Amino acid sequence: MREWMNGPIQRPLHRRMLIAMLLLALCAGPVSFSQGMPRPQKHESRREIDQLEETWRDAVLKANSAVMDGLLAEDYMAITANGTLQTKEQALESLRNGRLHLTTLDISDRKVRFYGTTALVTSLAEVQGTTGDGDVSGSYRYTRVYVRNATGAWKIVSFEVSKIVRESGEHGEHK
């Protein structure tokens, strides 16, 4: 039996097991992870997402479709406050033709969570402005999804917004 274990078949298997054990030991070292991302990388990514959120806000307020084009992924899809789907080209066109015109866009209560190469942003937006359908002033909650692409750039792939309906008689509290 001992001869078989030291034979030509067992040597490559023995080496592979040794390499696998070494790799396992290296991977099990002390690394601080939070939701799949090391803390320093997560902190830097949070700053990037915060900056992109401000860039998005400015692009909407200034109707800057060129900047917005750079932020949105080619397969971007939004669900608007009235429940319709909107592609990247439709979103850019609504900025170009003035169909979406916001005069105020105050963002608060921003939360950013990371899942590997995906960032999920939720916020509260106080809006004043109009669309082709009329006045859209009010309070909204939104979710925006960013994905880091193959070149390392964050792109917005999805957006969904819901209007906050306030019940009459409540003193500014959200329903």
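Numbers below:
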quantity: Test: Gln90 is over 28 Å from Ser45 (Cβ atoms) and at pLDDT 95 or above; calculated: yes
quantity: Subset of segment 70-85 [outside any loop (DSSP other than H, G, I, E, B) and either surrounded by fewer than 17 Cβ atoms within 10 Å (Cβ to Cβ) or of a type in the set (Gly, Ala, Ser) (or both)]; calculated: Gly70, Ala73, Glu74, Asp75, Ala78, Ile79, Leu85
quantity: Considering residues of segment 99-122 that are without any contact (Cβ under 8 Å) to a residue 60 or more places away in the chain and over 16 Å from Arg57 (Cα atoms) only, the residue most open to solvent (accessible area, probe 1.4 Å); calculated: Arg99
quantity: Glu44 vs. criteria part of a helix (DSSP H, G or I) and either closer than 25 Å to Ile164 by Cβ or modelled with pLDDT of 55 or more (or both); calculated: yes
quantity: Any chance Ala125 is within 30 Å of Ala150 (Cα to Cα) and surrounded by 14 or more Cβ atoms within 10 Å (Cβ to Cβ); calculated: no
quantity: Boolean, Val161 is surrounded by 14 or more Cβ atoms within 10 Å (Cβ to Cβ) and at pLDDT below 95; calculated: no
quantity: Any chance Tyr146 is in contact with a helix residue (DSSP H, G or I) (Cβ under 8 Å, 6 or more places away or on another chain), under 21 Å from Glu48 (Cβ atoms) and at pLDDT 95 or above; calculated: yes
quantity: Residue within segment 70-81 that is polar (S, T, N, Q) and either at pLDDT below 95 or more than 17 Å from Lys155 (Cα to Cα) (or both) present; calculated: yes
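The values are calculated or read from the model by the stated rules, or taken from the named source; none is laboratory data. Source: prediction; values computed, not measured. Cβ atoms come from the backbone with ideal geometry, glycine included; neighbour counts cover every protein chain shown. Accessible surface areas use protein heavy atoms only, side chains included; no ligands, DNA or RNA. Shrake-Rupley method; radii C 1.70, N 1.55, O 1.52, S 1.80 Å.
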